[in-house]
Amino acid sequence: DVKVTQSSRYLVKRTGEKVFLECVQDMDHENMFWYRQDPGLGLRLIYFSYDVKMKEKGDIPEGYSVSREKKERFSLILESASTNQTSMYLCASRVGGDSPLHFGNGTRLTVT
Amino acid sequence: AQKITQTQPGMFVQEKEAVTLDCTYDTSDQSYGLFWYKQPSSGEMIFLIYQGSYDEQNATEGRYSLNFQKARKSANLVISASQLGDSAMYFCAMRTLLAQAGTALIFGKGTTLSVSS
C-alpha cells in the first residue's frame with residue numbers, strides 16, 4: 001500500500017512565523033501535490049511537482065512556496081504565516097496518467 | 001477554464017436506498033479522467049471510482065457506479081443500497097493538464113451525504 005506521511009497532524013503557529021509542512025511518500029511516485037481544504041470550498045491546489053526540483057503553481061499559490069529536493073519528499077512553506085492560512089493541508093502523490101491520488105492524513109494548521 | 005461543479009451541499013437518504021450525487025465538469029482537454037473520493041469524519045481521503053473520458057462503459061466498483069454522460073459533461077456517482085457507513089463528504093475530481101509535463105486533479109466543493117436508519 002502507498003503511504004503518504006505528513007509530519008504533523010496538528011500545528012499551531014503565530015502570525016509572521018515561517019512554517020514548514022513536510023510530506024513523504026514511499027512509493028517512488030513522480031507527482032506530488034499540496035492542497036488546502038476549507039469548509040464550503042472543497043480542495044484547492046496550492047502547488048504540485050512532477051519531478052525532483054520541479055514545481056508548478058496551482059490555483060492558490062500566493063503566500064506559499066514549495067521544495068522538492070528528493071523524490072520522496074515535498075515540503076510546503078509558509079514564508080510568513082497569516083491568520084487566513086488557518087486551514088487543513090493535504091499532501092498527495094500519484095504515479096501519473098490516470099492513477100488516483102494517494103493522500104496523507106492532513107495537517108490542521110492554526111495561525112493565531 | 002477547467003472546473004468541477006457539485007451543486008448539492010447536502011443529501012439525505014435512508015439505509016438501503018440508492019442515492020445519486022451530482023457532478024458536472026468543464027474542460028477543454030480532449031482526454032481527461034474523472035474521480036470520486038469519500039472523506040469520512042476521520043478526515044482521510046478514500047478513492048472510490050475512476051472514469052476515463054474515452055471509456056464507453058460506465059465504471060462500477062461494488063456498490064458504486066459512475067453515470068458518465070459525456071455530452072452533458074456529467075459524472076454522477078450512484079451508491080446503491082446505502083449503508084450507515086456511507087455517511088461522509090464526497091468529492092468529484094477531474095484530471096487536467098496544468099503544465100507542459102504535469103497533470104493534476106481539481107476538485108469540486110463536495111457533497112455531504114447523511115444516511116439514516
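Every number here is computed from the coordinates shown, using simple stated rules; none is lab data. Since the model is a prediction, treat every value here as computed from it, not as a measurement. Every residue, glycine among them, receives a Cβ derived from its backbone with ideal geometry; neighbour counts consider all protein chains shown.
Applying the criterion of being in contact with a strand residue (DSSP E or B) (Cβ under 7 Å, 6 or more places away or on another chain) and exposed (fewer than 15 other Cβ atoms within 10 Å of the Cβ) to the residues of segment A:61-72, the residue that is farthest from the other protein chains (Cβ to nearest Cβ) is A:63.
Is there a residue in segment A:78-86 that is more than 8 Å from chain B (Cβ to nearest Cβ), surrounded by fewer than 20 Cβ atoms within 10 Å (Cβ to Cβ) and among the small types (Gly, Ala, Ser)? Yes: one or more hits. Restricting attention to segment A:62-104, the residues being part of a loop (DSSP other than H, G, I, E, B) and within 11 Å of the chain's Cα centre (by Cα) number 1. Every condition in (1) crowded, with 20+ Cβ neighbours inside 10 Å; (2) touching a residue at least 12 places away in the same chain (Cβ under 8 Å); (3) within 14 Å of chain A (Cβ to nearest Cβ) is met by residue B:104 except one, and the failing one is (2).
Summed over segment B:33-74, the residues that are on the phi < 0 side of the Ramachandran plot, out of contact with any Phe, Trp or Tyr (no Cβ under 8 Å at 6 or more places or on another chain) and assigned to a loop (DSSP other than H, G, I, E, B) give a count of 10. Any chance segment A:24-32 includes a residue that's free of Cβ contacts under 8 Å to residues at least 24 places away in the same chain, in contact with a Phe, Trp or Tyr (Cβ under 8 Å, 6 or more places away or on another chain), within 26 Å of residue B:2 (Cα to Cα) and among the acidic types (Asp, Glu)? The answer is no, given that none of the residues of segment A:24-32 is free of Cβ contacts under 8 Å to residues at least 24 places away in the same chain, in contact with a Phe, Trp or Tyr (Cβ under 8 Å, 6 or more places away or on another chain), within 26 Å of residue B:2 (Cα to Cα) and among the acidic types (Asp, Glu). Residue under question is residue A:52, and the condition is that it be outside any strand (DSSP E or B), within 14 Å of chain B (Cβ to nearest Cβ) and aliphatic (A, V, I, L, M); does it hold? Here the answer is yes, as residue A:52 does meet what is asked. Considering only segment B:12-23, how many residues are assigned to a strand (DSSP E or B) and either touching an Asp or Glu at 6+ places or on another chain (Cβ under 9 Å) or within 14 Å of another protein chain (Cβ to nearest Cβ) (or both)? So the answer is 3.
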